[in-house]
1. Modelling each spin label as a point 7 Å along the Cα-to-Cβ direction, I'd like the residue 267/residue 137 distance in nm, to one decimal.
2. Enter the angle in degrees (range 0 to 90, nearest 10) between the Cα long axis of helix 174-184 and the first principal axis of the Cα atoms of the chain, meaning the one along which they spread out most.
3. Note the angle between two axes, namely the Cα long axis of helix 18-35 and the longest principal axis of the Cα atoms of the chain, as a number of degrees from 0 to 90, rounded to the nearest 10.
4. For 275, 219, 138, 309, what ranking results if the residue with the fewest other Cβ atoms within 10 Å of its Cβ goes first?
5. Pull out the extension gain between residue 233 and residue 94, defined as 0.36 nm times the separation in residues minus the alpha carbon to alpha carbon distance; nm, one decimal.
6. Based on other C-beta atoms within 10 Å, arrange 180, 245 from fewest to most.
7. Using only Cα atoms and rounding to the nearest 10 degrees, what angle (0 to 90) does helix 156-168 make with the longest principal axis of the chain?
8. Which one, 276, 108, 41, has the greatest fluctuation when you compute a Gaussian network model over the chain with C-alpha springs under 10 angstrom?
C-alpha cells in the first residue's frame, strides 16, 4: 500500500490559499532533503494532502465572540485596551490565561537556563508571585504579555492571537476542526503526519483514533505547544502519555510557541509525567524561529521524513 503524507498546518491561516501553504511546506521540505543528501524529487511520487481548517477555526471564534474580532482591543478602562479578547466565553478566556501563565513560567525557566540569550526575563517571577494562581488578572495579563514580547521575537498581538486560537480549539472547536482533517485522511495505507504549531495539538488529538494511529509510521511535530501543562490537560487524552507512534519533535529555543521543550521522555512515574519514546531535536531557524519552512529545511528533520516512506 502507498504512504500518504499528511500536513497539518497551524493557526493564523484564515483566508489563505491552501495550495500556497502546500507549496511553502514542500519548498522547505525539499530544501531539507537536499541538505540531508536525499532526493527532493521523491516528493513528486507520494500522495500528499493538506487539510485546510483555517477558515473553520476563524469562523468558530467569530461566532463565539459577542462582537466582531476587530474589536479585540475594546477598552476595559479609559485608556488601556483589554490584553485579550474581552467577549469570548469564560471557559475560553480562563484557558487563555492558564496558557499565558504556563508560557510566562516556562519562558522564565528557559531564560534562567540560558536558552533564550537572557540572564533573566524582567519581572517574570514577580508576576507569577503576584498572580498566585493560574488565572491572571487583566493587569498581570497585560504585564506578562509585555514581558514576553520584550524578551522574545514575538509581539504582544501575535502572542495574544496564539493564546486565543489554541484556547478556542481546545474548548469549543476541536470536533469541527478534526472533522475537516479526517475528511482528507485516506481510508487505507500508511501515513506520515507532519504537523506545525496548533496543528501538532490537532494531530495529537487525531492520533487518539486507533485506526489512524496504527497506520502512522512517523509523526513529526514542529514548533509545538504540547510542552505546556494547560494544553496537556485539555487534550482528548489528557496529560503526557506514550503516543504509540514513532515521534520526532523539533523546537527552536527562540520559538515562544514551543516553550516546554524538550518534552520529557521515557516511562512516566509519580510526579514525572512523560511522553514515552519521543525524540527531541533542537534547531536554529534564524530570524524566523516559528516558521514551518525553516523547520522542514533542517536536514535532521527532513531526513527522518524522507526515510519514512
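Values quoted throughout were computed directly from the atomic coordinates according to the rules given, and no laboratory measurement underlies them. This is a predicted model, so every value here is computed, not measured. Quick reminder, even Gly has a Cβ in these numbers, built from the backbone with ideal geometry, and neighbours come from all protein chains shown.
1. Distance between the two pseudo-spin positions: 4.7 nm.
2. Rounded to the nearest ten degrees, it is 20.
3. 70 degrees
4. Details: 275 23, 219 27, 138 15, 309 18.
Starting with the residue having the fewest Cβ neighbours, the order is 138, 309, 275, 219.
5. Values: separation 139, 0.36 × 139 = 50.04 nm, distance 1.33 nm.
The span from residue 233 to residue 94 would gain 48.7 nm if fully extended.
6. Numbers: 180 16, 245 20.
The fewest-first ordering by Cβ neighbours comes to 180, 245.
7. Helix 156-168 sits at roughly 70 degrees to that axis.
8. Among 276, 108, 41, the largest mean-square fluctuation in the Gaussian network model of the chain belongs to 41.
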